[in-house]
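One structure is given below, encoded as structure tokens.
The values are calculated or read from the model by the stated rules, or taken from the named source; none is laboratory data. On a predicted model such as this, the values are computed, not experimentally measured, just so you know. Here the Cβ positions follow ideal geometry from the backbone for every residue, glycine too, while neighbour counts run over all protein chains shown. When the accessible area is computed, the model is the full protein with side chains, heavy atoms only, and any ligands, DNA or RNA have been set aside. Shrake-Rupley method; radii C 1.70, N 1.55, O 1.52, S 1.80 Å.
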Amino acid sequence: MINALDYVPIAATTFAVPQFLPQILKLLATRDTAGISWAWATLTSLNNPAWIAYFALEHYWTALVPSCSAAVLAGTLAILLSVKDRPRLRPSVPIAAWAAMLVAAYLILGRAGLGALLTAAFGVQVAPSIWTAYRTERPTGISAGTWLLILGELSCWLTFGLYKSDPRLITLGLTGVTASTLMLARIHRTSRQERPRQQRTAAA
């Protein structure tokens, strides 16, 4: 019997494949990096290869496509941000340490070790983005489109994780939905603040 929930990863794919395109296109069009975290883009490009390995080991084949897309596009965004604003050494060191931990976890403890570390991976990944967005006075560079797509994708993974009773996917989904909601709230607030400023500039 075919269960519709088995196809949830396909829905996640439709949200995930173009996920970083709105942010990349906005950055190319405006050159505005205010509120965008280089560490977030870099960690995303590092974590997704680990998720690719995990999904392959668990035989979640349809999940490979969104992870591959996220790895490539997040890497592209990280490069663009590096060109615009040279990243500082301080965030680079913990990012390199995190990448080493992912590799070591798999080599030493195998699938169980990698899975355990991936439970915390998305929280590690999005923390710099939330921090940057809320610490920046006018985070006008952030793309709402990207975070809406992230919300859609992670809602799918939360549903699929509950269906498969997979604690790692459940944690991923819950963290992603929470982080996306926080980012969209920050974007909405910024948009409301910017509207009167734009109207005054147009009137002048």
State, to one decimal in nm, how far the label point of T62 lies from the label point of I10, with both points 7 Å from Cα in the Cβ direction. 0.5 nm
Starting from the Cα gyration tensor of region 1-95, take the square roots of the eigenvalues, sort them a ≥ b ≥ c, and report rounded, prolate or oblate (rounded when a/c is under 1.5, otherwise prolate if a/b is larger than b/c, else oblate). oblate
How high is the relative contact order of the chain, given as a whole-number percent (alpha carbon pairs under 8 Å, six or more residues apart)? 31 percent
Could you work out the relative contact order of region 93-204, using alpha carbon pairs under 8 angstrom and six or more residues apart, expressed as a whole percent? 27 percent
The extension gain from N3 to A127, computed as 0.36 nm times the residue separation minus the Cα-Cα distance, is 41.2 nm
Region 68-144-region 24-66 distance, computed between alpha-carbon centres (Å): 8 Å
Per the Debye formula with a single identical scatterer at each Cα and no solvent contribution, what log10 I(q)/I(0) holds for region 93-144 at q = 0.13, 0.16, 0.20 Å⁻¹? -0.44, -0.59, -0.74
Quick check: pseudo-label points 7 Å beyond the Cα along Cα→Cβ at V83 and D32, how many nm apart are they? 2.0 nm
Yeah, region 32-150 with a ≥ b ≥ c from its alpha-carbon gyration tensor (a/c under 1.5 is rounded, else prolate when a/b outruns b/c, oblate otherwise) is prolate
Of all the C-alpha pairs in region 140-190, what % are more than 17 Å from each other? 36 percent
What share of all Cα pairs of region 92-204, in percent, falls into each consecutive 10 Å distance bin? 13, 33, 30, 15, 6, 3, 0
Which translational diffusion coefficient, to the nearest whole µm²/s, is obtained for region 14-66 from the Stokes-Einstein equation, given a Kirkwood hydrodynamic radius over C-alpha pairs, 25 °C and 0.890 mPa s? 193 µm²/s
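Under the rule of -39500 (n - 2.57) per DSSP H run of 4 or more residues, summed and divided by the residues of the chain, what mean residue ellipticity at 222 nm is obtained, to the nearest 500 deg cm²/dmol?
-28500 deg cm²/dmol
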Go through 133-142, 101-110 and give me the packing order, highest mean Cβ count within 10 Å leading. 133-142, 101-110
About its Cα centre, what dipole magnitude does the chain give when the only charges are +1 on Lys and Arg Cβ and -1 on Asp and Glu Cβ, stated in debye to the nearest 20? 880 debye
Heavy-atom accessible area per residue, region 1-144, 1.4 Å probe: how many Å²? 51 Å²
Once the chain is represented by equal point scatterers at the alpha-carbon sites, with solvent omitted, what log10 I(q)/I(0) does the Debye formula produce at q = 0.08, 0.12, 0.17, 0.18 Å⁻¹? -0.28, -0.61, -1.15, -1.28
Viscosity 1.567 mPa s, temperature 4 °C: give me the Stokes-Einstein translational D for region 58-99 in µm²/s, with Rh taken as the Kirkwood radius over C-alpha pairs. 106 µm²/s
